[in-house]
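The values are calculated or read from the model by the stated rules, or taken from the named source; none is laboratory data. Keep in mind that what you see is a predicted model, and the values were worked out from it rather than measured. When we count neighbours, we look across all protein chains shown, and the Cβ atoms used for this are built from the backbone with ideal geometry, even at glycine.
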Amino acid sequence: MPRPREVPLARPLDPREILALDPEGADHLLDRLDAAVPVHPGALALPSAGGAREALLFGDTHGDWRSTEAIARIFLADPSSYLLIGLGDYIDRPPEDCPNGSVANALFLLGLAASFPDRVVLLQGNHEATRRIPVVPHDLPEEVDDLWGPEVERYARILGLLERGPWIATSSNGLYLAHAGFPVEPFPPDLAQAYRDPSEELLYDTVWRDAGPSRADRGLSPPFLDRDLGAFLTHIGARLFVRGHDPDLAGRVIYQHRCLTLHSTRVYERYGGVLYARARLDRPLGSADDLTVAHVETEGRSYDADPDR
């Protein structure tokens, strides 16, 4: 059962403020986040009420707090109109102009979740699941030490806060969201129950699974194909899967326009760019054609929806 939360934070610290904290200030911030960041179920049904018209979806940010901040500015301009939803992998591999970016990015996003607990959802990716399935590279512990000295507890507290995010999310108008994939057949009859205490195999399928067209071929879970996706979406009553994980698929619409991959870090912008998407929540979604996809201002390109490029 989710534990009680205190009053949401009045204002999240921006990444520059976070990087300027001393060890005492960092511990104080972690105390405030611990009291206010919501604990989500493993399978989250996105709220359909409350006035939010759109979901702002962003993919892997990997410590690129400058791109995260640009997306957050859209949300903060009118938070009553949006849900802000991350698809995982907020840490590790920060770009050169974001030193210790995993720490700044994670705590900035957690501050948003603490300030807007009913509006900000941070799904877990494979990098947030590293205590269940180790991931390489994993820069977060070294970054914490570099900022505030060797203190394993601070690292554990940051990771523990990120682990409060759900593994998957669904909406009543047809969205399925996860970092990488979905269960292999036979599908669990009750997703909420399956993700309450997910097995290691289920986590591999959810946060490590590659799409068939990806060149990554990590080999940790069988790549999903068009037929697999169609069967799963039918099983859960959804029509569209939005994910992260595979940078070489960023911005590409695959599988009869039922799957879109987003990446939101400049580390991988050479593939498809630094992207986010808008998904309407007040009308049915039939395919990726119903989304608005754009490049983050840290990059400056215009999105090309050609799935064959």
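Across the stretch 203-213, what is the total count of residues that are over 11 Å from Gly181 (Cβ atoms) and of a type in the set (S, T, N, Q)?
The qualifying residues number 0.
Taking the stretch 89-134 as the region of interest, how many residues are under 14 Å from Leu161 (Cα atoms) and among the basic types (Lys, Arg)?
The total comes to 1.
Out of all the residues in the stretch 250-281, which are in a strand (DSSP E or B) and not hydrophobic (A, V, I, L, M, F, W, C)? Let's see the steps before the verdict.
Of all residues in the stretch 250-281, those in a strand (DSSP E or B) come to 250, 253-254, 259-261, 263, 275-280.
Those that are in a strand (DSSP E or B) and not hydrophobic (A, V, I, L, M, F, W, C): Thr261, His263, Tyr276, Arg278, Arg280.
I'm told Ala231 meets every condition in (1) farther than 15 Å from Phe182 by Cβ; (2) surrounded by fewer than 17 Cβ atoms within 10 Å (Cβ to Cβ) except one. Can you identify the failing condition by its number?
That leaves (1) as the condition not met.
Could you tell me which numbered condition Arg215 fails, if it satisfies all but one of (1) crowded, with 24+ Cβ neighbours inside 10 Å; (2) over 20 Å from Ala294 (Cβ atoms)?
That leaves (1) as the condition not met.
Any residue in the stretch 151-177 that is under 17 Å from Leu33 (Cα atoms) sitting within a Cβ distance under 7 Å of a residue that is buried (at least 23 other Cβ atoms within 10 Å of the Cβ) and polar (S, T, N, Q)? List the pairs, counting only those 6 or more apart or interchain.
Once the first residue is under 17 Å from Leu33 (Cα atoms) and sits in the stretch 151-177, its partners that are buried (at least 23 other Cβ atoms within 10 Å of the Cβ) and polar (S, T, N, Q) give Leu162/Gln124; Glu163/Gln124; Gly165/Gln124.
Checking Ala104 against (1) at pLDDT 95 or above; (2) out of contact with any Asp or Glu (no Cβ under 8 Å at 6 or more places or on another chain); (3) surrounded by fewer than 24 Cβ atoms within 10 Å (Cβ to Cβ); (4) more than 20 Å from Gly42 (Cβ to Cβ), which test does it fail?
Every condition holds for Ala104 apart from (3).
Restricting to the stretch 259-277, count the residues that are surrounded by fewer than 21 Cβ atoms within 10 Å (Cβ to Cβ) and not hydroxyl-bearing (Ser, Thr, Tyr). Break it down into steps so the answer makes sense when it comes.
From the stretch 259-277, those surrounded by fewer than 21 Cβ atoms within 10 Å (Cβ to Cβ) are 270-271; that's our starting set.
Still in the list and also not hydroxyl-bearing (Ser, Thr, Tyr): 270.
Residues meeting the conditions: 1.
Of everything in the stretch 210-249, what is aromatic (Phe, Trp, Tyr) and outside any helix (DSSP H, G or I)? Give them in sequence order. Break it down stepwise before answering.
Narrowing the stretch 210-249 to residues aromatic (Phe, Trp, Tyr): 224, 232, 241.
Correct list: Phe224, Phe241.
Output the residues belonging to the stretch 175-209 that are part of a loop (DSSP other than H, G, I, E, B), in contact with a strand residue (DSSP E or B) (Cβ under 8 Å, 6 or more places away or on another chain) and closer than 18 Å to Leu249 by Cα.
Selection gives His179, Ala180, Gly181, Phe182, Arg209.
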